[in-house]
Structures are given as C-alpha cells and as structure tokens.
1. Compute, for the chain, the length of the dipole vector about the Cα centre, with Cβ point charges of +1 (Lys, Arg) and -1 (Asp, Glu) only. Units Debye, rounded to 20.
2. Indicate the helices, whole DSSP H runs only, in the chain that combine a mean Kyte-Doolittle hydropathy of -0.5 or more with a Cα extent along their long axis of 30 angstrom or more.
3. So, in Å, what gap is there between the alpha-carbon centers of the range 120-142 and the range 180-240?
4. By its C-alpha gyration tensor, with a ≥ b ≥ c as the square roots of the eigenvalues, how is the range 42-151 shaped: rounded for a/c under 1.5, else prolate for a/b larger than b/c, else oblate?
5. Which of the GluC sites (Glu not before Pro) found in the range 194-274 are loop residues per DSSP with 16 or fewer other Cβ atoms within 10 Å of their Cβ?
6. If you count, for each residue, the other Cβ atoms within 10 Å and average over each peptide, how do 255-265, 100-110 line up from highest to lowest?
7. May I ask you to evaluate 6.51 cos²θ - 1.76 cosθ + 1.60, the Karplus curve with θ = phi - 60°, for each residue of the range 88-104 and list the ³J(HN,Hα) values in order in whole Hz, giving x for glycine and proline?
8. Considering the chain as a Gaussian network with a 10 Å cut-off on Cα pairs, which listed residue, LEU22, LEU80, LEU134, attains the greatest mean-square fluctuation?
Amino acid sequence: MRRFDRLPSYAPDVVQLTRPPLIGVSTSEMRIPERTRSLAESEPPMRELALGMSYPLSIERAGALPVVLAPVDPVHVDALLDRLDGLMLSGGPDIHPSAYGEDEHPALGPTERDLDLFELALVRAADARGMPVLGVCRGLQILNVARGGSLIQDLPDAVGEQVNHRQEEAGRVPTHAVMLESGARLQGVMGRTERRVNSFHHQAVKRLGHHLNAVAFAPDGVIEGIEAPDRDFFLGVQWHAESLAEREDQAGLFAAFVAAAARYGAPERQAEAA
C-alpha cells in the first residue's frame, strides 16, 4: 500500500492504489558548450539539459515517481502525457516575450525558444485533459503564458528593488515573506496566510491568464502564486519550493500535488487491476 505524508483530507481514496503516480518533470535549463568546463575524460562539448536533483527528490519524498522530460517535437506531446499522472514545470531561463506578443526588454536574459514552444504545448495539452500541473519559478510563468497571460520582463525596472527577488543566499534559505489569499487552494495546502520563501527571478506575472487567480503576493505586490479554480490542481509558485521541500509548508504543497496526480490516475490504475 502506498503512503502519503500529510495526505490532504480531500483525497481519501488515493492510498488504495497499488503503485505510485508518475510525474513528468520538465527541464528548461540548458548548458551550452561555451559555458561548460571540458575534461580530458569527458565527451566532446555539446548542448545539454540540466535539472537540479531537488526537483525529482521533492516528488519522490511526497510519494510519487519522477521522470525527467526531454523536449520533443510538440506533435508528440499527447503521446507523452498519455503515460503520466501529473506534470511539474521547473525553473530555468527567461521566456521569450514573443510567446506573449511583446518586444524584448533590454534586460531580457538568455532564452530558449524551442523549449518555450515545447513547454507551452505540454502545459496546454495537460490543462485540456485536466491533468494536475505544478509550476515552479519559470514554471509558474509558463502556466500563465499558456493561458494567455503576459510577464513583467524585468522586476527592478518595473517595481524597483524594495524586495530582492534575486537572493545571493542558498536556495534552502527563505529571504522574504509572501502573503497567501485566505481560502485559496495554495493557502489550504501550506497552512497559514503568511510564509517565508526563497527568490531567484527577475520576471513575474503581469497580466493574468484566463481563469487564473493570483493567490500569493510579495511585500512589493509582485504575484508569487497563481491557481486555476476550474481545475483540480493547476497551480504555480514563483519561489523554488523544491529547495524548501523539507519544510512542512512546502512539503504540504508537494503532498497535495501528488495526491491530485493519484486521483487523476486512479481510474486507469483500477482498470489495470480489474
């Protein structure tokens, strides 16, 4: 029998499943040959995908099995999702503003347009089928753009530097507060209406996507959490929750996500067992 730590009260049946849900974790962080150190014993320098181990570990600790998703041609997205119970979008580079119909800001960082296209197709297809989706940092921004929203391309230019959204401390160190909307799903899984989080971004939500609610805010008004009330679990956080997953509030977020993935996959699992 499966075990879930901090199993949400609204998911009483998922413990009856015989195997854990499978969560796809995207990786939009790229390493190019010019930025890597080549060793004599290594392969020739090439473009590589990179993903911090804290992402899959946070999923595994919550009771699911993670699988890292390599970017494929968007025509294969549905076949990929057919094998998954949930989708997690990781952090990474800036999203190119062409994805939401704007020109480049002078402070725009490195972008990966092919990865933007893949992740946007992935989220839209997962959203259409009601699959649970969790977005982290850039992942939140992808969720917003996928539903027609736009982004602030550079926070220091747009809102100033009252809050340092690009901390120098390690990811396990929370550096600023966020206020959670009372009664929102995010607040329900994290507990209190005020929490402390880490921060590693210079972009953020500007215009909310269709049927998305802003449910968490930094002291300077920057949106730090979004969710879709028309889905069982379609939620994004601007902080790196995976780096804080050993904290009770962040562990609650991952437990709720995994429980939603288990509910989503339950009919298929029950059919297999019949």
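Bear in mind these aren't lab numbers, they're just calculated from the coordinates by the rules spelled out. Everything numeric here is computed off the predicted structure, so don't read it as measured data. Backbone-built Cβ (ideal geometry, glycine too); neighbour counts: all protein chains shown.
1. On the way: 27 positive and 39 negative charges, 167 e Å.
Computed charge dipole of the chain: roughly 800 debye.
2. Answer set is 248-273.
3. 14 Å
4. Details: a/c = 1.58, a/b = 1.19, b/c = 1.33.
The shape class here is oblate.
5. Values: sites: GLU194, GLU224, GLU227, GLU242, GLU246, GLU248, GLU268, GLU272; in loops: GLU246.
Hits after loop and neighbour filter: GLU246.
6. 255-265, 100-110
7. Each residue's phi maps through the Karplus curve to give 10, 9, 8, x, x, x, 4, 7, 5, x, 4, 5, 10, x, 10, 7, 6 Hz.
8. Most flexible of the set in this elastic network: LEU80.
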